[in-house]
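Working notes, beginning with the structure itself.
The values are calculated or read from the model by the stated rules, or taken from the named source; none is laboratory data. What you are looking at is a predicted structure, and each value in this text was computed from that prediction instead of being measured. Reconstructed Cβ throughout: ideal geometry from the backbone, glycine too, with neighbour counts over all protein chains shown. What goes into the accessible areas is simple: the full protein's heavy atoms, side chains included, and nothing from ligands, DNA or RNA. Shrake-Rupley method; radii C 1.70, N 1.55, O 1.52, S 1.80 Å.
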Amino acid sequence: MRGKLGDRVLYLYTWLIILWLSLPIAVMVLFGFNDKQSKSNTSWQGFTLKWYQQLFAIDGLTTALVNSLMIALISTVLATVLGTLLGLAVGRYRFRGKGITDFLIFAAISTPELVMGASLLSLFVSGNAPRGHITIIIAHTLFSLAFVVVTVRARVVGLDPSLEEAARDLGAGTFTTFRLVTLPSIMPGVLAGAMLAFALSIDDYVVTSFVNGSTQTFPLWIIGAVKVGIPPQVNVMGTLIFGIGVLLAVVNAVSARRKTTH
């Protein structure tokens, strides 16, 4: 009886924590339908769908969103490709300097964004590199890379090496074995790392504020708009981004489960 009561309390506590963490997202979604009549969008004034119809009515916000999406896509591709290769290396092979490599990977994850942003700014200033889209992409690729490596490495460690050995015994070359055996086996980890890199990039404010120059991204535009009032279109864009992220996560989880069952 005590065990059942403890399970129920833990179950209820877990759901309360989930609801508490989801509350800001729910508020964001709700105020995307707020029929506000003033600059402030902090009190409910009625229901409307017009902000979805006027999603791209603010040129500066639209430009910032396009910049964020473009930067996130490019940095995600770069971080995923480089992180997958590095994750394979550190997860499978022993080589001189592996300990230092592991240390640098986890140091990149644990380093405060303020320190990383300041160090990248110093690097770009020392190299006389003009700050803008390119420097933001480089910065986002660098801080996302370690997360992809850790995710892919965890998948590689659990990979059965006999599958690759069987493929080579059947005459498959190195590239064919990687394409037909290794890559499909680690693909869930690769996709998880890619989604994490994309989320980190499109959400980043601290590092971007150091290296952006005159380029505005979605988080930078929102912070700048706080003083005059955040328009409902921001909530709508945030809702759409969140919804697409949830959809991709669900599709990835369902596909991974189907592969496991088959």
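So, of the residues in region 87-112 that are more than 20 Å from the chain's Cα centre (by Cα) and small (G, A, S), which turns out to be farthest from T151 (Cα to Cα)?
G97
Is at least one residue of region 3-25 at pLDDT below 90 and on the phi > 0 side of the Ramachandran plot?
no
Looking only at region 163-179, count every residue that is open to solvent by 40 Å² or more (accessible area, probe 1.4 Å), over 27 Å from the mean Cα position of the chain (by Cα) and either among the hydrophobic types (A, V, I, L, M, F, W, C) or within 18 Å of L85 (Cβ to Cβ) (or both) and tell me the total. Steps first, please.
So in region 163-179, the residues open to solvent by 40 Å² or more (accessible area, probe 1.4 Å) come out as 163, 165-166, 168-171, 174-176, 178-179.
Retained after the next criterion (residues that are over 27 Å from the mean Cα position of the chain (by Cα)): 163, 165-166, 168-171, 174-176.
With either among the hydrophobic types (A, V, I, L, M, F, W, C) or within 18 Å of L85 (Cβ to Cβ) (or both) added as a condition, the list becomes 163, 166, 170, 174-176.
Qualifying residue count for the region: 6.
On the given criteria, is V156 in contact with a Lys or Arg (Cβ under 7 Å, 6 or more places away or on another chain) and β-branched (V, I, T)?
Numbers: in contact with a Lys or Arg (Cβ under 7 Å, 6 or more places away or on another chain): yes; β-branched (V, I, T): yes.
Criteria met by V156.
Among the residues that make up region 169-191, is at least one of them at pLDDT 90 or above, in contact with a Pro (Cβ under 6 Å, 6 or more places away or on another chain) and within 24 Å of H140 (Cα to Cα)?
no
Given the condition in a helix (DSSP H, G or I) and basic (K, R), answer yes or no: does some residue in region 42-65 qualify?
Residues of region 42-65 in a helix (DSSP H, G or I): 50-53, 59-65.
The next check asks that each one be basic (K, R); those that pass are 50.
Checked region 42-65: at least one residue is in a helix (DSSP H, G or I) and basic (K, R).
Filter region 41-52 down to the residues that are closer than 22 Å to T217 by Cα and open to solvent by 50 Å² or more (accessible area, probe 1.4 Å) and list them by number. Quick ask: steps written out before the conclusion?
Kept after step one, since they are closer than 22 Å to T217 by Cα, are these residues of region 41-52: 41, 51-52.
Residue satisfying the conditions is Y52 alone.
The conditions are (1) under 20 Å from G83 (Cα atoms); (2) touching a residue at least 12 places away in the same chain (Cβ under 8 Å), and L220 fails exactly one of them. Which is it?
Among (1) under 20 Å from G83 (Cα atoms); (2) touching a residue at least 12 places away in the same chain (Cβ under 8 Å), the lone unmet condition for L220 is (1).
For region 72-86, give me each residue that is open to solvent by less than 60 Å² (accessible area, probe 1.4 Å) and within 12 Å of the chain's Cα centre (by Cα).
Residues satisfying the conditions are A72, S75, T76, A79, T80.
For region 221-228, state whether one or more residues are touching a His at 6+ places or on another chain (Cβ under 9 Å), under 30 Å from A129 (Cβ atoms) and surrounded by 14 or more Cβ atoms within 10 Å (Cβ to Cβ).
No, because not a single residue in region 221-228 is touching a His at 6+ places or on another chain (Cβ under 9 Å), under 30 Å from A129 (Cβ atoms) and surrounded by 14 or more Cβ atoms within 10 Å (Cβ to Cβ).
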